[in-house]
1. Check whether at least one residue in region 86-104 is more than 24 Å from residue 200 (Cα to Cα), touching a Phe, Trp or Tyr at 6+ places or on another chain (Cβ under 8 Å) and modelled with pLDDT of 95 or more, and report yes or no.
2. Would you confirm whether or not region 141-148 contains a residue that is in the same structural domain as residue 83 (by the TED database), crowded, with 18+ Cβ neighbours inside 10 Å and in contact (Cβ under 8 Å) with a residue 60 or more places away in the chain?
3. If only one of 152, 171 is among the charged types (D, E, K, R) and under 29 Å from residue 83 (Cα atoms), which one is it?
4. Is region 120-133 home to any residue that is of a type outside the set (A, V, I, L, M) and modelled with pLDDT of 95 or more?
5. Just checking, does region 131-138 include any residue being surrounded by 13 or more Cβ atoms within 10 Å (Cβ to Cβ), in contact (Cβ under 8 Å) with a residue 12 or more places away in the chain, touching a helix residue (DSSP H, G or I) at 6+ places or on another chain (Cβ under 7 Å) and part of a loop (DSSP other than H, G, I, E, B)?
6. Tell me, yes or no, whether region 258-266 has at least one residue that is open to solvent by less than 20 Å² (accessible area, probe 1.4 Å) and either of a type in the set (Phe, Trp, Tyr) or part of a loop (DSSP other than H, G, I, E, B) (or both).
7. How many residues does region 67-119 contain that are among the β-branched types (Val, Ile, Thr), in contact (Cβ under 8 Å) with a residue 40 or more places away in the chain and more than 13 Å from residue 38 (Cβ to Cβ)?
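The values are calculated or read from the model by the stated rules, or taken from the named source; none is laboratory data. Since we're looking at a predicted model, the values are computed, not measured. Every residue, glycine as well, gets a Cβ built from its backbone with ideal geometry; the counts of neighbours run over all protein chains shown. To get the accessible areas, we keep the full protein, side chains included, count just its heavy atoms, and leave off ligands, DNA and RNA. Shrake-Rupley method; radii C 1.70, N 1.55, O 1.52, S 1.80 Å.
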Amino acid sequence: MHGRSEGSGKVSAVVVTYNPPPGLSTRLQATLQQVDRIVVCDNGSNQPLSLDDLADSLRARIHVIALKTNRGIATALNAGIAHAYAQGTRHVLLLDHDSHPGHGMVKALLSKPDTPGDAAIRVPAIRYGHPEIRCRWPQARNRWRFRFVYADQMSTPQPVDLAIGSGMLLDASVWQRHGGFDEELFIDLVDTDYCLYLRSLGYTVVAMPQAELKHSLGEVEQRKLLGVKTYPTHHSAFRHYYINRNRIVLSRRYGGRYPAWLAYEWLGAAKLAIKALCFEPQRLHKLAQMLRGTLHGLARSGMCARRSGA
């Protein structure tokens, strides 16, 4: 296996698929060059997942979990990680079905970061499809304020507040000890919740700029709003419902402990809504789902206590 550091132990990737785009086998093959095994958890795709174009030796290192219906990203991740952990995995790499690991990414993620705290989550720099979108992470400056740190300006690993799920390298024992992803969230902000949850337990999320992941960010296009470049992502109305519902839930769950994150999250909410309403089709439908998700988030007081699916 290429790209591994000595003494790293077993590394598995968990890839969640749902009607995956073309080229999945190519991405899986690239991933197998850096990990021991892959668990593909298919979340109820319309067509059965086919890996027939992969060599037998590669297919032997892939285990497929086929869920009959779409049960959400959190459930799929937990199912995949549980299988990998049962096989003796020490580290788990999470990938979306359209993500492609850069050369040596896993080896770079496994290197020991010279940062304070116990790094339960390590994340790579993300290279998005649009060349002008820079990879950045929020980082609290104090209890009330945050700043962005940019991957292309980092020379060494740094603790950050949170990161997207694709590309996360998890300590499997931490996942087992403290519980997995919150399955009630279903989709969107599932990764944010996990980062904030582990940070509340004293762990850190560390950005590793030497590692790189190619990742798609929806149907991104460049537009201008009052002369400023902006990038609408064209999320579906379905996604806008869960983004807004889960944002309310997490605000109630973590807002008091992490007010700097709360400011970051609601600034992002305003920007996402403005871009959707100014530049995207089905604006009224999306607006209705934003409002519906917000109301449901306010009504679901029972979701404020975190429930893991592990």
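1. Checking region 86-104: at least one residue is more than 24 Å from residue 200 (Cα to Cα), touching a Phe, Trp or Tyr at 6+ places or on another chain (Cβ under 8 Å) and modelled with pLDDT of 95 or more.
2. Yes, the conditions are met somewhere in region 141-148.
3. On inspection, the qualifying residue turns out to be 171.
4. Our first condition is that a residue be of a type outside the set (A, V, I, L, M); within region 120-133, this holds for 122, 124, 127-132.
Filter again for modelled with pLDDT of 95 or more, leaving 122, 124.
Taking every residue of region 120-133 in turn, at least one turns out to be of a type outside the set (A, V, I, L, M) and modelled with pLDDT of 95 or more.
5. yes
6. So far as region 258-266 goes, yes, one or more of its residues are open to solvent by less than 20 Å² (accessible area, probe 1.4 Å) and either of a type in the set (Phe, Trp, Tyr) or part of a loop (DSSP other than H, G, I, E, B) (or both).
7. Restricting attention to region 67-119, the residues satisfying the condition of being among the β-branched types (Val, Ile, Thr) are 69, 73, 75, 81, 89, 92, 106, 115.
In the following step, the residues that additionally are in contact (Cβ under 8 Å) with a residue 40 or more places away in the chain were identified as 73, 75, 81, 89, 92, 106, 115.
Then drop every residue that is not more than 13 Å from residue 38 (Cβ to Cβ), which leaves 73, 75, 115.
Residues that pass the stated criteria total 3.
Every residue, every condition in (1) outside any helix (DSSP H, G or I); (2) open to solvent by 70 Å² or more (accessible area, probe 1.4 Å); (3) among the β-branched types (Val, Ile, Thr), yes or no:
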{"residue": "253", "(1), (2), (3)": "no, no, no"}
{"residue": "269", "(1), (2), (3)": "no, no, no"}
{"residue": "274", "(1), (2), (3)": "no, yes, yes"}
{"residue": "292", "(1), (2), (3)": "no, yes, no"}
{"residue": "303", "(1), (2), (3)": "no, no, no"}
{"residue": "307", "(1), (2), (3)": "yes, yes, no"}
